[in-house]
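Heads up: the structure comes next, in structure tokens.
The values are calculated or read from the model by the stated rules, or taken from the named source; none is laboratory data. Everything numeric in this text was worked out from a predicted model, so none of it was measured. Neighbour counts run over all protein chains shown; Cβ positions are idealised from the backbone, glycine included. To get the accessible areas, we keep the full protein, side chains included, count just its heavy atoms, and leave off ligands, DNA and RNA. Shrake-Rupley method; radii C 1.70, N 1.55, O 1.52, S 1.80 Å.
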Amino acid sequence: MKKRQTLIYFVIALVLVALIYLQVRTWRHFDWGVFFAKTRQANWAMVALSVGLIYIDYYLRAVRWAIFLRPVKKVTAASLTAAQFIGFTGLALLGRPGELIRPYIIARKHGLNVPSQLAVWTVERIFDTGAFGTLLLISSVVFREQLHKLPYFDKFVHYGIPVAFAFASILLTFALLLRFRTAQLAGIAEKILSRSPRLARLASHKITTFGEGLNTIHDLPSFLQLVGMSLLIWGMIAVTYWTITHAYNDPSLQMPIAYVLLLMGFSVVGGVAQLPMVGGGSQIMTITALKYVFGVPPELAVSCGMLCWMVTFLSCVPTGLVLARHEHVSITKLAEEEEAAETALNAD
């Protein structure tokens, strides 16, 4: 498991280094003096407001998770808030593997099984993808004339939004099949893998526990609440990006909300390739979009891109570490336990 994780990080690092090298070659006349001057001139009160908005967003995620848990256990959003901060801190410090710390903490704290909370995490991702795709679609329709001025906008409309919705639809379809056809899918998996009894049992067990955990939406009001909460969460993130870009007193960054949503899209796509602590993909995609899509000068694009990443990705770390200490949780130990549990399950 560790060898595979190391290999993944190595490949990501190679890709990021190549991208950075190409970027540097493109910007041979990058002026570090201008970069530091523009960064110092930022409105740090607006930056602090951005951090506050992101913190509110973590609480909203806790509210949504509490709605997911209603069918199995009634818990308060307040009791889930620390797990959100600690989980996203694990993501920032450990990379993508740290993201699964959240469901692991919630399962342990509230006496639930881990697969059920991994299922909640999966459904959460579906709602996130759908909510962000919906906001992009609404923006592309309402502000079409504004966005049409940007390069590559037509390609984005024709390919980007449909791909996002297709991805969300595939996830939703798979989740619904698991939810309502759990036994049938488990049986199919056992038949397909019948030549390897151990693998067949493992697949059947995972499908069964995962399907049981997908009992997260028990009525229409809950579904509507989850949709509304997801749209609110991503709307709040969009406002955060807006406050960050407007923290710079420069005309090129006085973006309307339609541009901000598009910028978020680049950041989300780049976030797939992240390294522990240093990030990587998110900053590169944000900086690239600022420079080549929105026409922001390179020095300002780098400053704003880095600040977007620090606010939306790293700002939770101090609070997350404090809460982890208060909850007597070791983030690295949790990650090791999570990995050990996965290895043991695979070995059964």
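Take residue 215 and decide whether it is within 27 Å of residue 74 (Cα to Cα), open to solvent by 30 Å² or more (accessible area, probe 1.4 Å), touching a residue at least 40 places away in the same chain (Cβ under 8 Å) and in a loop (DSSP other than H, G, I, E, B). Spelling it out, residue 215 is indeed within 27 Å of residue 74 (Cα to Cα), open to solvent by 30 Å² or more (accessible area, probe 1.4 Å), touching a residue at least 40 places away in the same chain (Cβ under 8 Å) and in a loop (DSSP other than H, G, I, E, B). Of the residues making up segment 182-207, those that are touching a Ser or Thr at 6+ places or on another chain (Cβ under 9 Å) and open to solvent by 70 Å² or more (accessible area, probe 1.4 Å) are 183, 190.
For residue 210, the conditions (1) under 26 Å from residue 84 (Cα atoms); (2) without any contact (Cβ under 8 Å) to a residue 40 or more places away in the chain all hold with the exception of (2).
Can we say residue 200 is small (Gly, Ala, Ser), in contact (Cβ under 8 Å) with a residue 24 or more places away in the chain and in a helix (DSSP H, G or I)? When the stated conditions are applied, residue 200 does not pass them.
Note on segment 308-348: residues that are modelled with pLDDT of 80 or more and touching a Gly at 6+ places or on another chain (Cβ under 7 Å) total 2. Is it the case that segment 223-231 has a residue that's more than 22 Å from the chain's Cα centre (by Cα) and surrounded by 13 or more Cβ atoms within 10 Å (Cβ to Cβ)? Looking for residues that are more than 22 Å from the chain's Cα centre (by Cα) and surrounded by 13 or more Cβ atoms within 10 Å (Cβ to Cβ), one finds none in segment 223-231, hence no.
Give segment 37-58 a look and list any residue that's open to solvent by 30 Å² or more (accessible area, probe 1.4 Å) and either within 16 Å of residue 226 (Cβ to Cβ) or of a type in the set (S, T, N, Q) (or both), or say none. Within segment 37-58, 39, 41, 43 meet the criteria.
Considering only segment 86-113, how many residues are over 18 Å from residue 64 (Cα atoms) and open to solvent by 40 Å² or more (accessible area, probe 1.4 Å)?
Of the residues in segment 86-113, the ones over 18 Å from residue 64 (Cα atoms) are 89-98, 108, 111, 113.
Now narrow it down to the ones that are open to solvent by 40 Å² or more (accessible area, probe 1.4 Å): 93-94, 96-97, 108, 111, 113.
Within segment 86-113, residues that are over 18 Å from residue 64 (Cα atoms) and open to solvent by 40 Å² or more (accessible area, probe 1.4 Å) number 7.
On the basis of being modelled with pLDDT under 80 and over 13 Å from the mean Cα position of the chain (by Cα), does residue 80 make the cut? So residue 80 does not fit the description; no.
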